[in-house]
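Note sheet for the following structure.
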Amino acid sequence: MDQVDREILEKIQDGIPIVEKPFSEIGESLGLDESEVIDRLNRLIDEGKVRRFAASIAHIKVGINANAMCVWDVPDERVEEVGSICASFPEVTHCYERPRLDDWHYNLFTMVHGKSRKECEEVIQRISERINIDTFIILFSDKEYKKTGVRL
Amino acid sequence: MNELQKNLLNELQTGIPVVERPFLELSKRLGLEESTLIEEIRSLLEKGYIRRIGPIFDASALGMVGTLAAIAVPEEELDRVANFINRFEEVSHNYLRVAEGVPYNLWFTVSAKDNDELDRIISRIKEEIEYPLIVLPTKRLFKIGVEFRL
């Protein structure tokens, strides 16, 4: 990624203009041709640095009111298997293995979104039965203090 | 929200093509006029259903490093601590999550350009905030950032 790539990404990380030719407008403001902006962005997508171009939605506003971080205590030798099963649930949007600490024993984290807390709990119950693990804690989000995308 | 708006939000989360006229291409898929689609998207932005349309970064492919962290904060101190943490641009998410038996209630993520920067931010938070803090970096990634079907 060179300086020009960076300038383009910084320019658009808060959103592209909603006009017929957004990349032309972005190019103009940076002194670049439309085609160069498009080529560079598609290369960044091919390289995997940009996952995709898409809308970030405001979940609560669209009725996805519940957001559960479910933490599981998974035996180390089962993490690979259990992590893959959890990830296969469409309601699970994020799934990570994280370290255990002296006072923290839960090593698998899954984020579950739903229309209500009950809906999240039902999904987590189904996951629990599938992976045959019932040592978990659900941490619902009670308040959102901040949510932005990852910024450059 | 009407059916059109729901379909539109699903499409827009999945992705828009990076071409000269992305909304023209998308409008064909949805069977709409380009101008209608543009108006609908502007209205979704105005109403706050969409925060933005833009690039979704793969932080690790960009060489960035990130972690989840949590602090055990007394209830009356929550706003002060949350506001202090939010001041760091590198903090991308910050939530109050309360569960029985879990002392940690303020959960946040930090994404920084390298490990030194990440350490610096965590140290700075530890200096200012005297409550117990745990740092839980990603060991293995199974799934990340998939869209929600509406």
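Summary of values
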quantity	calculated
Residue among A:P90, B:P17, B:I144 farthest towards the positive dipole end of the protein assembly as shown, charges placed on Cβ	A:P90
Hydrodynamic radius (Kirkwood) for the protein assembly as shown, which is based on Cα pairs only, to one decimal in Å	20.7 Å
³J(HN,Hα), Karplus 6.51/-1.76/1.60, whole Hz, each residue of segment A:137-152, x for Gly, Pro	10, 9, 10, 6, 7, 8, 7, 9, 8, 7, 8, 10, x, 5, 10, 6
Helical contribution to [θ] at 222 nm, DSSP H n ≥ 4, -39,500 (n - 2.57), averaged over the protein assembly as shown, rounded to 500	-11500 deg cm²/dmol
Rg/Rh for segment A:60-140, where both radii come from Cα atoms and Rh is the Kirkwood radius	0.97
Percent of alpha-carbon pairs separated by more than 15 Å within segment A:3-47	35 percent
Efficiency of FRET between B:E128 and A:L152 - r from beta-carbon atoms, R0 25 angstrom, step 0.05	0.50
Residues with amide H under 5 Å from that of B:V98, placed H, sequence gap 5 or more	A:F140, A:D142
For chain A, alpha-carbon Rg relative to the globular expectation (2.2 N^0.38 Å, N residues)	1.35
Rg/Rh for segment B:8-114, where both radii come from Cα atoms and Rh is the Kirkwood radius	1.13
Greater than 26 Å apart at Cα, pairs in A:K61/B:K113; B:K6/B:K28; A:K11/A:K143; A:K115/B:K47; A:K21/A:K115	A:K61/B:K113; A:K11/A:K143; A:K21/A:K115
Segment A:70-109: translational diffusion in µm²/s, Stokes-Einstein, Kirkwood Rh over Cα pairs, 20 °C, 1.002 mPa s	206 µm²/s
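Every number in this text was worked out from the coordinates using simple rules, so none of it is lab data. Because the structure is predicted, anything quoted here is derived from the model rather than measured. When we count neighbours, we look across all protein chains shown, and the Cβ atoms used for this are built from the backbone with ideal geometry, even at glycine.
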